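First comes the structure, then the notes that go with it.
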Amino acid sequence: MTDPDNPSPSKVRDRSKDKKRSRLFTDMSVRKLKLREGETAQVTYRDKKQPGLLLVLNVSGSKAWRVSFYHKALGKMRTRHLGYFRPGAPDHMALKTARDEAAKLKADRDNIPAKVEVATGPDTFEVVAERYLRKYVDGKLRTASQIRRMVEKVYPAWGTKPFESIRRSDIANLLDEIEETREKGPQTSRSQCCVG
């Protein structure tokens, strides 16, 4: 049984306020930084030189730069993703760049929109379904044509419907309609079919 006042390290997600989790980063120290033995959740480290700069270590081994700031309009603490620490990769963000970006963002934090507006409309069911079929079904499964045919049968009902607006009740209603049409359809037994 675990002590509620002292949870195990693997259950704690952000211990960045712990003195051991606050460091003066250098490129070499960030390269060598790894999860401790037994840690199964992501861990956040804070930079002592640039207030608000965070380095998040994931279980997969990736290291992501984030910045933490107070958003006055929302009245809340917010974090923003800056980039990844991946030496040698094209999307690598070095420590100096991360500190500069964090300083810029914190200086201009009042002009950050509360939510980023998306220029395009929401994806429809047909757009999401086609994207899924292309990525995971077409050319990858022997049953691809059957899966595509079944999904395309749903397009008349949901094709133009925004994907995120589909709820569990919509799925239940569609399944009920499919079941009703099967019951109403021609039901011929083999004996009726073969009688000449």
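Computed values, structure above
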| quantity | calculated |
| --- | --- |
| Extension reserve of the H81-Y132 stretch, reckoned as 0.36 nm per residue once the Cα distance is removed | 15.7 nm |
| Cross-link table K76/K96; K63/K153; K140/K184, entries beyond 32 Å C-alpha to C-alpha | K63/K153; K140/K184 |
| Computed label-point distance, nm, for sites Q146 and E179 using a 7 Å Cα→Cβ extension | 2.2 |
| Neighbour-count ranking [beta-carbon atoms within 10 angstrom, fewest first] of W65, W158 | W158, W65 |
| Global geometry of region 125-180, whether rounded, prolate or oblate, following the gyration tensor of its Cα atoms and the 1.5 cut on a/c | oblate |
| Spherically averaged projected area of region 9-111 from its Cα convex hull (nm²) | 7.0 |
| S60 paired with I171, simple spin-label distance in nm, labels 7 Å along Cα-to-beta-carbon | 2.4 |
| Extended-chain gain in nm, criterion 0.36 nm per residue less alpha-carbon gap, T97 and L24 | 24.8 nm |
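FYI, it's all coordinate maths here, none of it is from the lab. For clarity, every value in this text was computed on a predicted model and none was experimentally measured. We place every Cβ from the backbone using ideal geometry, glycine too, and count neighbours over all the protein chains shown.
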